[in-house]
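Novice: Shown below is the structure under consideration.
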Amino acid sequence: MVNALDVGLLLSLLDNTSLSNQQWEKLIQWELSDRQRAQAWGINQGNVGPRLRERVGWLRAIAPLHPTLPLPPGPIAVYLPLYWQLWLPLARTLKMARDQLHRPLIQGVLGVQGTGKTTLTLILQGILGVMGYRTAGLSIDDLYKTYSDRLHLRQVDPRLIWRGPPGTHDIDLGIATLDQVRQATPDQTVYLPQFDKSCHGGEGDRADPEPVQGVDILLFEGWFLGARPLKPEVFDHAPEPICTDADRQFARDINAQLAHYLPLWDRLDGLMVLCPEDYRISKTWRRQAEHQMKAQGKAGMSDTTIDAFVDYFWRSLHPELFLAALKGDREHVNLVVEIDCDRLPCAIYQP
């Protein structure tokens, strides 16, 4: 577990207050107290002092940017633990990886529903911008097949009642886009696909691509991004809501679709897995989001519809199964961040 940070110490750093030797030692001991987290950030007894001083510098440089980040309104003090233990060291890790590549970095971010992966990528874009790196975001949702193609797909397989599961994306478009990003020179324009979910009564369709230039880091995120096929027999005794023979066949068929995504995943330079300590929390988060939308006068799903919606995706790719495999995948995953019910990190480690 990640120990509690002394927010007062962090506020002192933000106010340019010099810490006493005792206070500085307290900060160092916190950093080294979690061996897995320290290892994930490349911190050890020999470099912890310089690395923390560097982080202090970035914290002070980024503080003026805080009001512009896509976060619920609140003083920066509320978010200081996240800046210190996740956002800043993660941004530095991406910065260093980009410097070693000498070409654009493509970092994958997997996050199941409700984990805040899109918000995280936007925050990283802001922080990395202050660090001097042009960062762009791309979602697996931007690679959906066209509306007409998905209508045809549903006629072929009526089980695909919602867009989202493997098989509903244009993989060739994704491969071509990532290749263009990797190979682009600083003065070349790359066009990132975009998807408008409001088209065709919510069915969605392609929108005009976004032109970007000089991208240093591309953050590519999605709810199953980087997931790899599991052995079919895993589904013989799968967890709920994979309960019937039809459910198990659907799960096996969707699992088989993942093989087509492997060439796309091979374009990733790294993969971060952002996951709740208990995957079932994601259903609660989805309910909270819908309730907030309805409180604002917007359309939102009922709790019954939410349950059916989330269960559909759990039947297609069950998080208990594919997340467990990824959290131990040293070959393809470079960072795992487990979060609690408040979306705060409770474990940060490398597989």
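The values are calculated or read from the model by the stated rules, or taken from the named source; none is laboratory data. Because the structure is a prediction, the values reported are computed rather than measured. With ideal geometry, Cβ positions are generated from the backbone for all residues, glycine too; neighbour counts draw on all protein chains shown.
Novice: Regarding residue 267, is this residue of a type in the set (Lys, Arg), surrounded by 15 or more Cβ atoms within 10 Å (Cβ to Cβ), assigned to a helix (DSSP H, G or I) and touching a helix residue (DSSP H, G or I) at 6+ places or on another chain (Cβ under 7 Å)?
Specialist: So residue 267 fails the test.
Novice: If a residue has to be farther than 15 Å from residue 38 by Cα, buried (at least 22 other Cβ atoms within 10 Å of the Cβ) and either of a type in the set (Lys, Arg) or in contact with a strand residue (DSSP E or B) (Cβ under 8 Å, 6 or more places away or on another chain) (or both) to count, how many in region 78-95 make the cut?
Specialist: 1
Novice: Within region 155-174, how many residues are within 15 Å of residue 205 (Cβ to Cβ) and modelled with pLDDT of 95 or more?
Specialist: 4
Novice: If you don't mind, there's one more thing I want to ask. Of the residues 209, 239, 186, 193, which single one is part of a strand (DSSP E or B) and surrounded by fewer than 15 Cβ atoms within 10 Å (Cβ to Cβ)?
Specialist: Selected residue: 209, the only one of 209, 239, 186, 193 that is part of a strand (DSSP E or B) and surrounded by fewer than 15 Cβ atoms within 10 Å (Cβ to Cβ).
Novice: Would you tally the residues in region 122-136 being assigned to a helix (DSSP H, G or I) and within 14 Å of the chain's Cα centre (by Cα)?
Specialist: Residues that pass the stated criteria total 4.
Novice: Is it the case that residue 333 is touching a residue at least 60 places away in the same chain (Cβ under 8 Å), farther than 30 Å from residue 83 by Cβ and out of contact with any Cys (no Cβ under 9 Å at 6 or more places or on another chain)?
Specialist: No; evaluated as a whole, the condition is false for this residue.
Novice: If a residue has to be touching a Phe, Trp or Tyr at 6+ places or on another chain (Cβ under 6 Å) and of a type in the set (Val, Ile, Thr) to count, how many in region 107-122 make the cut?
Specialist: 1
Novice: Does region 49-61 contain any residue that is under 23 Å from the mean Cα position of the chain (by Cα), loosely packed, with under 13 Cβ neighbours inside 10 Å, more than 16 Å from residue 337 (Cβ to Cβ) and touching a residue at least 24 places away in the same chain (Cβ under 8 Å)?
Specialist: no
Novice: Keeping to region 281-292, report how many residues are surrounded by 13 or more Cβ atoms within 10 Å (Cβ to Cβ) and farther than 13 Å from residue 115 by Cβ.
Specialist: Residues in region 281-292 being surrounded by 13 or more Cβ atoms within 10 Å (Cβ to Cβ) and farther than 13 Å from residue 115 by Cβ: 3 in total.
Novice: Check 61, 77, 91, 136 and return the single one that is of a type in the set (Gly, Ala, Ser) and more than 29 Å from residue 187 (Cβ to Cβ).
Specialist: Exactly one of 61, 77, 91, 136 is of a type in the set (Gly, Ala, Ser) and more than 29 Å from residue 187 (Cβ to Cβ), namely 77.
Novice: Right, another one. Can you tell me which of (1) closer than 24 Å to residue 43 by Cα; (2) touching a helix residue (DSSP H, G or I) at 6+ places or on another chain (Cβ under 8 Å); (3) in a helix (DSSP H, G or I) is the one residue 347 doesn't meet?
Specialist: The single condition residue 347 does not satisfy is (3).
Novice: Another question about this same structure. Inside region 138-149, can you point out the residues that are under 17 Å from residue 224 (Cβ atoms) and either of a type outside the set (S, T, N, Q) or part of a loop (DSSP other than H, G, I, E, B) (or both)?
Specialist: Within region 138-149, 138, 140, 141, 142, 143, 144, 145 qualify.
Novice: Would you mind telling me which numbered condition in (1) surrounded by 15 or more Cβ atoms within 10 Å (Cβ to Cβ); (2) at pLDDT 95 or above; (3) of a type outside the set (A, V, I, L, M); (4) out of contact with any helix residue (DSSP H, G or I) (no Cβ under 8 Å at 6 or more places or on another chain) residue 331 fails?
Specialist: Single failed check for residue 331: (1).
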